[in-house]
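To start, the structure under review is shown below, and the notes come after it.
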Amino acid sequence: VGQEKINLDIVTLTRFLTEEQTKHKEATGDFTLLCHALQFAFKSIAYYIRRATLINLTGLAGSSNTTGDDQKKLDVISNDLFIAAMRSSGRVRALVSEEEENIISFDEHPDARYVVACDPIDGSSNLDAGVSVGTIFGIYKLPEGATGTKEDLLRAGTEMVASGFTMYGASAMLVLTMKGGPVNAFTLDNALGEFILTHPNMEIPKKRAIYSVNEGNSLYWEDPVKEYVNELKYPGEGGKPYSARYIGSMVADAYRTLLYGGIFAYPADKKSPKGKLRILYECAPMALVFEQAGGQAVNSKMQRMLEVVPEHIHDRSGIFLGSYDEVQKVIDVHKKFAK
Ligand code: P6P
């Protein structure tokens, strides 16, 4: 062995999940097995993304998904991988994917008690540019007697049992939170093929002068949003302008905001009156992570994001997500306009 000091207190995701299960006496192990299937899907997607350029997986697959986005080859592979992993786990009754128009029911598992909503590769339009993309997921438990119809997923984010996202960079990161619990981040050690707990109990700074929004849409913004952003850019006497950071890949912008603090926003506007980001597999999962890390998440009507109920499985929403005090500023500006 070399001179490096080996840290023997390594918590792998597998160990973490097993220890979590022991905390719940009534646990059947179904959720743990579901998370192992998720883990397998993330490792597989990470493998393909790492090799994408080498084996020419970037570029369009010549088809388009439910919402008209051009499908990248990796989108298709990742979606197929995710569906196969959820199906074969035997613990998932149904799955909503950004890449699939309809809910996918796993009728071969009639007793499975979980439904999953996911975006297998969010931010994929950035793939060729080497920008970090990721998988965003939310997990719901089926009500007794439910059979996994799409109505079983048209629920508020407060009913999720867990959510999280991955970010496929040089090494893949997984941010995972279970309802009522801490936010933990794991880093994939490619050599061992294990996700290692590297950021236990993440807490977002209460405030930070960083804002993350696509200002190319400012022509379409409603007045409260315009005023809010202007106050950040042109603060009063003696104030210091905020820094602007915008990558255009939600997982990358969200992870930076979670780590450093600040605010990420994709407001509903005159061009996209319902907003661009989807509730089930972008807004709600991120809202649970940020709330449980001590932040806030609201929609463009300043409603708590986790209480918003989607009208259909690909429903969209505006979103303001980030440090508690930074989101509070948006709420306060909107209150001023509401008077
Ligand atoms: P815009 C990527 O397409 C995505 O869904 C999110 O990952 C990202 O935050 C947003 O859209 C970027 O949208 O309009 O700024 O390019």
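The numbers here are math on the coordinates, done by the rules we state, and not lab data. On a predicted model such as this, the values are computed, not experimentally measured, just so you know. Here the Cβ positions follow ideal geometry from the backbone for every residue, glycine too, while neighbour counts run over all protein chains shown.
The Rg/Rh ratio of the stretch 122-205, with Rg taken over Cα atoms and Rh as the Kirkwood radius over Cα pairs, comes to 1.05. Maximal additional length on extending the residue 53-residue 234 stretch stands at 61.0 nm, based on 0.36 nm per residue less the C-alpha distance. When the chain is treated as a GNM with alpha-carbon contacts under 10 Å, the residue of 215, 144, 19 showing the greatest mean-square fluctuation is 144.
Here, P(r) means the percent of Cα pairs in each 20 Å bin from 0 to the largest distance; for the chain it is 31, 58, 11, 0.
Phi angles of the stretch 124-139 translate, via the Karplus equation with coefficients 6.51, -1.76, 1.60 and θ = phi - 60°, into HN-Hα couplings of 4, 5, 9, 3, 4, 7, x, 6, 4, 10, x, 9, 10, 9, x, 10 Hz per residue; Gly and Pro are given as x. Calculated mean residue ellipticity, 222 nm, the chain: -9000 deg cm²/dmol, from DSSP H runs (n ≥ 4) at -39500 (n - 2.57) each, averaged per residue and rounded to 500.
Rounded to the nearest 20, the Cβ-based charge dipole of the stretch 60-203 about its Cα centre (Lys and Arg +1, Asp and Glu -1) stands at 380 debye.
Each of 117, 161, 211 was scored by the projection of its Cα onto the charge dipole of the chain, and the greatest displacement toward the positive side belongs to 211; charges sit on the C-beta of Lys, Arg, Asp and Glu.
Subtracting the Cα-Cα distance of residue 198 and residue 10 from their residue separation scaled by 0.36 nm leaves 66.8 nm.
Think of each Lys and Arg Cβ as +1 and each Asp and Glu Cβ as -1; about the Cα centre, that makes the dipole of the chain roughly 760 debye. Against the longest alpha carbon principal axis of the chain, how many degrees, from 0 to 90 and to the nearest 10, is the axis of helix 30-51 turned? The two axes meet at around 70 degrees. Site pair residue 19 and residue 220 shows an inter-label distance of 4.6 nm when each label is modelled 7 Å from Cα along Cα→Cβ. Couplings 3J(HN,Hα) for the stretch 272-288, derived from phi with the Karplus relation 6.51 cos²θ - 1.76 cosθ + 1.60 (θ = phi - 60°), are 10, x, 9, x, 9, 6, 7, 5, 5, 10, 9, 5, 5, x, 5, 4, 5 Hz, where x marks Gly and Pro. Across the options 322, 48, 178, the greatest Cα extent toward the positive end of the charge dipole of the chain (unit charges at beta carbon of Lys, Arg, Asp, Glu) belongs to 322.
Between helix 250-260 and the chain there is an angle of about 70 degrees, using the helix long axis and the longest principal axis of the Cα atoms.
Taking label positions 7 Å along the Cα-Cβ direction at both residue 158 and residue 129, the computed distance is 3.8 nm, reported to one decimal.
Taking the number of other C-beta atoms within 10 Å as the exposure measure, put 74, 142, 258 in order starting with the fewest. Intermediate results must be reported in sequence, preceding the final value.
Working: 74 24, 142 19, 258 27.
With the sparsest Cβ surroundings first, the list reads 142, 74, 258.
Here's how it looks for residue 277: its modeled amide H is under 5 Å from those of 317, which are all 5 or more places away or on a different chain. Against the chain, whose longest principal axis is taken from its Cα atoms, helix 13-22 shows a tilt of about 80°.
Cross-link partners of residue 25 among lysines, defined as those whose alpha carbon lies under 26 angstrom from its own and excluding same-chain residues fewer than eight positions apart: 141, 179.
Once fully extended, how much extra length lies between residue 80 and residue 179, figured as 0.36 nm per residue of separation less the alpha-carbon to alpha-carbon distance? Before the final figure, lay out each step's value.
Numbers: separation 99, 0.36 × 99 = 35.64 nm, distance 2.75 nm.
Fully extending the segment from residue 80 to residue 179 adds 32.9 nm.
For the stretch 188-339, what does the alpha-carbon gyration tensor say about shape, rounded, prolate or oblate, given a ≥ b ≥ c as the root eigenvalues, a/c under 1.5 as rounded, and a/b over b/c as prolate? Since a/c reaches 1.5 but b/c is at least a/b, the shape of the stretch 188-339 is classed as oblate. Think of the chain as having a plus end and a minus end, set by charges on the Cβ of Lys, Arg, Asp and Glu; of 289, 149, 97, 289 sits farthest toward the positive end of this dipole.
Checking the cross-link pairs 150/274; 240/329; 206/233; 207/339; 207/233; 206/271 against a 22 Å limit on the alpha carbon distance flags 207/339; 206/271 as lying beyond it. Each residue, residue 259 and residue 244, gets one label point 7 Å from its Cα in the Cβ direction; the gap between the two is 2.3 nm.
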